[in-house]
Amino acid sequence: MKKDIIAVYPGSFDPPTNGHIDIIGRAAKIFPKVIVAITHNYNKNHMFTLEERLSMMKESVSAMKNVKVSSFSGLLVDYLNEINSFCIVRGLRALSDFEYEFQMALMNRKLKKNVETIFLMPDQEYTFLSSSMVREIASLGGQFKNFVPKSVYKKIMSKRKLNV
Ligand code: PNS
């Protein structure tokens, strides 16, 4: 393995979940440097602004010293070029993720020849977890405390109060 390899874990993280943090922890044990790259709001109706997602993620990974949190707009492969990386990390939860992830990995490789996508599996207890489920449960008043980092829980609860 190259010693200076930078692994990029991209996503919308709207909001970050314990499943995401699990994947980041695994990547941080394998790679010397991991950049969590959060997308701008380009085609989704996000619950959180980019600034909110950056701040929640930064707080959630603050104990992992080789992990940095950043953002990007435009194509992921252009961002990889910018930071001199060729390695994408994605989490794979279940068969249902596979088709989308496979398509994205191959398309990224078409767009930039030397790009590799590494898939990591989260702990079994997170295989059912997604940001969209957390958003739905939270907006319908359900209990989601065990699915997200503390800072994310606090942020969602404060948003909920503002909406009542
Ligand atoms: O959290 P998500 O929505 O699963 O993350 C998807 C993401 C952000 C990784 C993907 O949509 C992406 O890379 N977007 C940037 C634009 C881009 O490069 N599109 C082509 C991907 S093949």
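All of the numbers you see were taken from the coordinates with simple rules; none came from a lab. None of these values were measured; they are calculated from a predicted model. Cβ atoms come from the backbone with ideal geometry, glycine included; neighbour counts cover every protein chain shown.
Taken together, the residues in segment 116-154 that are buried (at least 17 other Cβ atoms within 10 Å of the Cβ), under 16 Å from H46 (Cβ atoms) and within 17 Å of the chain's Cα centre (by Cα) amount to 5.
Candidates in segment 76-92 are the residues that are of a type outside the set (A, V, I, L, M) and within 11 Å of the ligand (Cβ to nearest atom); of these, the one that is surrounded by the fewest Cβ atoms within 10 Å (Cβ to Cβ) is D78. Can we say F13 is under 12 Å from the mean Cα position of the chain (by Cα), buried (at least 17 other Cβ atoms within 10 Å of the Cβ) and not in a helix (DSSP H, G or I)? It is true that F13 is under 12 Å from the mean Cα position of the chain (by Cα), buried (at least 17 other Cβ atoms within 10 Å of the Cβ) and not in a helix (DSSP H, G or I). Listed by first and then second residue, the pairs with beta-carbon distance under 7 Å, at least 6 apart or on different chains, first residue in segment 63-80 and on the phi < 0 side of the Ramachandran plot, second in a helix (DSSP H, G or I) and within 9 Å of the ligand (Cβ to nearest atom), are F72/Y79; L75/L111; L76/N108; V77/N108; V77/L111. As a summary of the residue check, L80 satisfies the conditions (1) closer than 16 Å to M121 by Cα; (2) not hydroxyl-bearing (S, T, Y); (3) not in a loop (DSSP other than H, G, I, E, B) except for the one numbered (1).
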